[in-house]
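Any read-out appearing in this document is the output of simple, stated calculations on the displayed coordinates, not a laboratory observation. Note that the structure is predicted; figures quoted are calculated from it, not measured. Cβ: placed from backbone, ideal geometry, glycine included. Neighbour counts: every protein chain shown.
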Number of protein chains: 4
Amino acid sequence: MTSVFDHPWLGGLFSDAQGSAIWSPEQQISHLLTFEAAYSRALGIAGKVPSDMAEQAALVIETFEPNLTDLKAGTLQDGLPIPNLVAQIRNAAGKNAAAVHHGATSQDVIDTALVLTLRELTILLDQRLVELTAAMVDLTERFGDRSLMGRTRMQAALPITVSDRIATWMLPLDDHRVRLAQLRPRIERLQLGGPVGNRASMDDLGQVIADDMAARLGLGNPPRAWHATRDNVVEYAGLLSLVTGTLGKMGQDVCLMTQQGIDEITMKGGGSSSAMPHKQNPIMAELLVTLAKFNATQISGMHQALIHEQERSGAAWVLEWMLLPQMAAATARSLAVANKLCVAITNMGNCK
Amino acid sequence: MTSVFDHPWLGGLFSDAQGSAIWSPEQQISHLLTFEAAYSRALGIAGKVPSDMAEQAALVIETFEPNLTDLKAGTLQDGLPIPNLVAQIRNAAGKNAAAVHHGATSQDVIDTALVLTLRELTILLDQRLVELTAAMVDLTERFGDRSLMGRTRMQAALPITVSDRIATWMLPLDDHRVRLAQLRPRIERLQLGGPVGNRASMDDLGQVIADDMAARLGLGNPPRAWHATRDNVVEYAGLLSLVTGTLGKMGQDVCLMTQQGIDEITMKGGGSSSAMPHKQNPIMAELLVTLAKFNATQISGMHQALIHEQERSGAAWVLEWMLLPQMAAATARSLAVANKLCVAITNMGNCK
Amino acid sequence: MTSVFDHPWLGGLFSDAQGSAIWSPEQQISHLLTFEAAYSRALGIAGKVPSDMAEQAALVIETFEPNLTDLKAGTLQDGLPIPNLVAQIRNAAGKNAAAVHHGATSQDVIDTALVLTLRELTILLDQRLVELTAAMVDLTERFGDRSLMGRTRMQAALPITVSDRIATWMLPLDDHRVRLAQLRPRIERLQLGGPVGNRASMDDLGQVIADDMAARLGLGNPPRAWHATRDNVVEYAGLLSLVTGTLGKMGQDVCLMTQQGIDEITMKGGGSSSAMPHKQNPIMAELLVTLAKFNATQISGMHQALIHEQERSGAAWVLEWMLLPQMAAATARSLAVANKLCVAITNMGNCK
Amino acid sequence: MTSVFDHPWLGGLFSDAQGSAIWSPEQQISHLLTFEAAYSRALGIAGKVPSDMAEQAALVIETFEPNLTDLKAGTLQDGLPIPNLVAQIRNAAGKNAAAVHHGATSQDVIDTALVLTLRELTILLDQRLVELTAAMVDLTERFGDRSLMGRTRMQAALPITVSDRIATWMLPLDDHRVRLAQLRPRIERLQLGGPVGNRASMDDLGQVIADDMAARLGLGNPPRAWHATRDNVVEYAGLLSLVTGTLGKMGQDVCLMTQQGIDEITMKGGGSSSAMPHKQNPIMAELLVTLAKFNATQISGMHQALIHEQERSGAAWVLEWMLLPQMAAATARSLAVANKLCVAITNMGNCK
């Protein structure tokens, strides 16, 4: 178990049920099949295969349950799961196999499935940004008028109010929502290009197929594949890290406020120590700092992965697979933790 | 000379005249003074000082030439140049010194000056994105119909056209322009908060002063300082790295196309070798790859710097100073190099 | 499933059986218990508790099987698993509970367990470096005399031999083994400090306890805890990334050699494409590049985590947990893949 | 001026005279010429050219002052300065031009010059590590017995002494010296390979030439070039970041100790504020944190640059040029600042 997010006991600290559900194997399979079913139906609409055959294939796909052992072996063999998945589906589709995947490429499937995942994630993040804002408004209502020493460069400067401090946590949240809204049209795009990205494998029907699929999936329809232009995915990752960075700043502030001698905040439910029962560790606040630094680390690799070679890169694309799901998990967890932290706060301002 | 951008001979490869001008010491001083002059006048408008005194102070500021030796010593002493700069200005302003900087804080000056710098940079980048698109359109017109082997995972896949390949370089450029336009209102914001960010140092006149300054400087006017919420600056840095990443992909493709045995591109003006006069090295294409990886490295530090403590952080803020100007220089240079590379291309497609 | 290393199907590509075994939950529990048992016995040796009681406690610990559900809940509560684990153990130890953990701190346990893990990893890595060297020697014997075009800056330069190329893959391996040997005394160190790192919680017996534990566990015995000085852990991570970087260079070379038009290498067992049955993708070579870039990304976060606050930092320490196991998994996998790749090569040199 | 290290006023905060001298243009030219002179003499020793001619050429080289304007133009043209530098030298050498550079390649010159630079840097760093240890021993003597609240996870834990806290700053310094000593033989290696790294360009005399040069320059003599195997350079960069990380931990601790309410340290010479004359900002301590995060950022790019293609990579190598000198500057500055900070401390322990 190399990942804290899925770890049998560390997962208690790091995992988030809703975030995990979005990236679960079941949901990933579901999105892969959503692509394949839509593609089969679009082949029927475009007249590449008879519409009956297309519909029959799509129905098989929609309820298909892949053999995961085979899928794992196929992924080792081919470097990605789609060739094996398609073989499994075609076998199940029997006489309708010709309506399955022909003309598409593995990256079309995986990237469109990613987009469907990110669409769900966007909804979750936006909702949590709203909830967190509400939690901070509530905090402000409870403690905003209390006095607090303003601190700059770690030094006491001049008195402020608790609402001033909370404002620096809260104000970026609205901008994050604006950013999410602005990048949705750039990320919620059908990926459909065929083997070399130009839809030539679909003869002259690429546009018809793409139009039908995009409408069916509720996605934007760019003129060609974005197999090798990953600025939209990397921009999305950047937003994830902006969010965790904002919350990391909040976490750092809370850690500083909890210090004995500073005593500007009290919380219920802090962590206990194996050696010092008197201590209450600010676990949630520290975790916000950690998750921010984690995403700030990963974002570099995402930008490195912008350099795709030619029509499609294996090396750069696979690097995304290693980084982006973790960034998403960290962000979902960070938002949940920040909200929980706001609720746990029992006093702010001079607490001595 | 630790920086390649300012290096006596390596600067030949890395520096860009227009990009350097934007970040020159002269221009930086000019922006710092622009803030101070606008602030003095706003103090007059708000009635904090007599309007005559304000105007006299502003006139002194506008033509002020700071003693750089003192400024350097002051920066060592105080960790930033503003206390010394303000002392120099007040000395020059004589009896009008009361209209200089009172109520503002160093970060107000430096960040607003940064915003003025970034506004100039945005204009340069946008213009270069337009020019680069035009250069790629021209390339497409010259060679777009030529056949090219489409390559995926470094392997020959299926034939495409040169225009297909160029499309993967060109399509993100429009999105980058959209991103620039969308983030302008988030970054082109007056920084004005006073020592602890809440404008309390300006009594009840903070809003009046800020309104006047924002109008005067053509900047947005947020309700309070963004001293410790750096998501706008980091978002801007992210865009810089998205641009260099797009161009790094182009550079990597060109490097691969130049290989003997592949022979898909020819250029004039390649670099020569000290040992092999027969070689023509794809210097410009390699540089695009290097600059992309450079920015992909720096962006991580920018995200780490989101974690500002309390009202203002010295440590995190100063990290921005170390990273962002270099990212800007790399991006300006990358766009110039990409354009130069397009013009240098003498053949694309099968060139044997 | 956020991690490719543990993923139901992507794990086929990324996971390594031996590497995973070292970091398995079972093995991690085993190492945690190894610490606790050794600590109990050392308490007996030092006379802090009767030696019978110490031995009885140690025997309970050695066969203890923690309730993982409770451990997960405890980790959420406390931010780390040890308080709950110790409570579970003490409950099982009954009247001997006083010989369990008293005077130690959570980080003593977790870090010493980490050191035991890294000792196993070091042995695995060293063995694989030896095996890989042998595989490269074998490659050299098979193809070393063949001619190859030497290429610099992606350009044909002058002819070399296959052995010249392989030498650049092989030569760093010996240095990596030297590095491993040199850092073993710095990383294979007992962590024992008690709550604030100075062993004061063990009265005057800290040295006796530490001496006994270090001898028992075969670890070095520094004068005090290294809770907050993580240079040894980060240095270890650096070596992991040096190894994957070396192999990434090999992978990149192989990818370039496989290009049609270059045709300098052939392999058996390449990956197939869902769209192009004629293609043989260099999956293993690409994976080496990806894993190198992955570790090169993570290493930054490890260095950021050097900044521990005061006697022990939660935020920085937990960041290590998120990064280091993945770096280890990537490195173990990279070495296995490189070896497999060497074996799969069926021809090198001019292969047309 | 994109770099803080060379900046007209920010340089006051960031630059270090001794560190800058090592990387000055004059010193860099000197090292390039040292290589070329040694190479000429070695050509004479090996009998490739008459020994008189070799000596005459070497004498010309040793006092040569290149035209920097031409060198900059040549660097733009060729992507590196050596072709132009060699042309300038040959022109000056006149009839002895045949004894200049023939058989060597640009990277031989630049990398050997880098090694000579790093040797000087190593000596500086080692000396500063010794001095800093002494400064910390002195601090311990002055304040070590004072009581201090031990803090873990930002919370008051149990009392320690000032010497306990200082020990966490000091103990890694010795290990850093050991690391420096251990890596010296790996980095202080002659780079000599000729155009494709195998010394074939020197006929059968490569070994003789290399032996003579290595002895003359006091460098190790590896069996072939390490043009494309950069683990030694990246390992060196890793050590730089370990050092700044150690000092960043000290800086963070000092920042935390200065907080009003904590009051555990006092210093003379803190920075002043433009808005709050009563404040004393811990500029030096913050700078240590910043420099640590800076190097932790850069180290990622150095590891990315391990992936050199084939015999020599332009793109990866040039990335080193952009990163390593800055890391060196940050490290030299960090050690100087840490020393200065120790001297500036006027009280530690409970300072209220």
Subject >> Hydrodynamic radius of the range A:1-148 per Kirkwood, over alpha carbon pairs, in Å >> reply: 18.0
Original post:
Looking at the range D:278-349, which trypsin sites (Lys or Arg not before Pro) are DSSP coil and have at most 12 other C-beta atoms within 10 Å of their C-beta?
Top reply: none
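Just to be sure I understand the rule: take each whole DSSP H helix in chain B, project its Cα atoms onto its long axis, keep it if the span is 20 Å or more and its mean Kyte-Doolittle hydropathy is at least -1.0. Which ones pass?
Numbers: long enough: B:25-46 (31 Å, 0.14); B:106-143 (54 Å, 0.55); B:162-187 (38 Å, -0.28); B:231-258 (40 Å, 0.60); B:283-304 (32 Å, 0.59); B:314-344 (45 Å, 0.96).
Those that clear 20 Å and a mean of -1.0 are B:25-46, B:106-143, B:162-187, B:231-258, B:283-304, B:314-344.
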Subject >> Where the Cα pairs of the range B:16-102 fall when distances are cut into 10 Å bins, in % >> reply: 19, 44, 28, 8, 1
Original post:
Which net charge results for the neighbourhood of A:ALA98, defined as the other residues with beta-carbon distances under 11 angstrom from its beta-carbon, given Lys and Arg at +1 and Asp and Glu at -1?
Top reply: +3
Subject >> Cut-off 15 Å between beta-carbons: net charge of the residues surrounding C:SER40, Lys and Arg +1, Asp and Glu -1 >> reply: -1
Subject >> Inter-copy separations for A:CYS351, label at 7 Å along Cα-Cβ, nm, ascending >> reply: 2.5, 6.4, 6.6
**OP:** May I have the extent of the alpha carbons of the range C:82-180 along their three principal axes, as whole Å values ordered from largest to smallest?
**Re:** 76, 27, 20
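Ignore the peptide's own chain and count Cβ atoms of other chains within 10 Å of each Cβ in C:165-173; give me the average, rounded. Mind showing how you got there, number by number?
Details: counts 6, 0, 7, 12, 2, 1, 7, 8, 1.
Other-chain Cβ atoms within 10 Å of each residue's Cβ, averaged: 5.
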**OP:** For each pair in B:LYS293/C:LYS268; A:LYS72/B:LYS249; A:LYS279/D:LYS268; B:LYS268/D:LYS95; A:LYS293/D:LYS340; B:LYS279/D:LYS72, compute the distance between the two Cα atoms and list the pairs where it is over 27 Å.
**Re:** B:LYS293/C:LYS268; A:LYS72/B:LYS249; A:LYS279/D:LYS268; B:LYS268/D:LYS95; A:LYS293/D:LYS340
Original post:
Measuring from centroid to centroid over Cα atoms, what is the spacing of the range A:14-79 and the range B:140-197 in Å?
Top reply: 30
Original post:
When Lys and Arg each count +1 and Asp and Glu each count -1, what net charge do the other residues less than 10 Å away from C:ARG186, Cβ to Cβ, add up to?
Top reply: -1
**OP:** Distance between Cα centroids, the range A:234-308 to the range C:303-352: provide it in whole Å.
**Re:** 24
Original post:
How much FRET efficiency would the formula 1/(1 + (r/R0)^6) give for A:ARG146 and A:GLU120, where r is the Cβ-Cβ distance and R0 is 35 Å, rounded to 0.05?
Top reply: 0.35
Subject >> For D:ASP145, inter-copy label distances in nm, listed shortest first [label point 7 Å out on the Cα-Cβ vector] >> reply: 5.3, 7.8, 9.3
Subject >> Per-copy distances of the B:VAL208 label point, shortest first, in nm (7 angstrom along Cα→Cβ) >> reply: 7.1, 7.7, 8.9
Original post:
Which whole-number percentage describes the relative contact order of chain A, with Cα contacts under 8 Å and a sequence gap of 6 or more?
Top reply: 19
Original post:
What ranking, highest mean first, results for peptides C:211-218, D:3-10 when packing means the other Cβ atoms within 10 Å averaged over each residue?
Top reply: D:3-10, C:211-218
Subject >> Kirkwood-Stokes translational diffusion coefficient of the range A:243-302, alpha-carbon pairs, 10 °C, 1.306 mPa s, µm²/s >> reply: 128
**OP:** Starting from the Cα of C:LYS48, draw a straight line to each of the aspartates and glutamates and keep only those under 17 Å, dropping any in the same chain fewer than 8 residues away.
**Re:** C:GLU36, C:ASP203, C:ASP204, C:ASP211, C:ASP212
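State, as an integer percentage, the relative contact order of the range C:93-203 based on alpha-carbon contacts under 8 Å between residues 6 or more apart. Could the numbers behind the result be given before it?
Values: 87 pairs, mean separation 43.3, N = 111.
Relative contact order here is 39 percent.
Relative contact order (percent) for the range C:16-102, with alpha-carbon contacts under 8 angstrom and 6 or more residues of separation? Don't jump to the answer; show the numbers that get you there.
Numbers: 88 pairs, mean separation 24.5, N = 87.
Contact order relative to length: 28 percent.
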Original post:
To the nearest whole number, what is the average tally of beta carbon atoms from other chains within 10 Å of the beta carbons of peptide D:237-243?
Top reply: 5
Original post:
What residue of chain B sits with its beta carbon nearest the rotation axis taking B to D, and at what distance in whole Å?
Top reply: B:SER3, 2
**OP:** Per residue, how big is the convex hull around the C-alpha atoms of the range B:132-189? Give it to me in cubic angstrom, could you?
**Re:** 89
**OP:** Please average, across the residues of A:250-260, the number of beta carbons from any other chain that are within 10 Å of each residue's own beta carbon, and give a whole number.
**Re:** 5
Original post:
To one decimal place, what orientation-averaged projected area in nm² is obtained for the convex hull of the Cα set of the protein assembly as shown?
Top reply: 49.2
Original post:
Which stretch or stretches of the range B:200-234 have amide N atoms under 11 Å from the point lying 7 Å from B:GLN182's Cα along the Cα→Cβ direction?
Top reply: none
Original post:
So in the protein assembly as shown, what percent of DSSP beta bridges are antiparallel if you round to the nearest 5?
Top reply: 80
Subject >> In the range D:1-77, the GluC sites (Glu not before Pro) that fall in loop regions by DSSP, at most 10 other Cβ within 10 Å >> reply: none
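Using only alpha carbon positions, build the gyration tensor of chain C, then give the equivalent ellipsoid semi-axes as the square roots of 5 times its eigenvalues, largest first, whole angstrom. Before the final figure, lay out the partial values.
Numbers: eigenvalues 442, 81, 56 Å².
Semi-axes (√(5λ), whole Å): 47, 20, 17.
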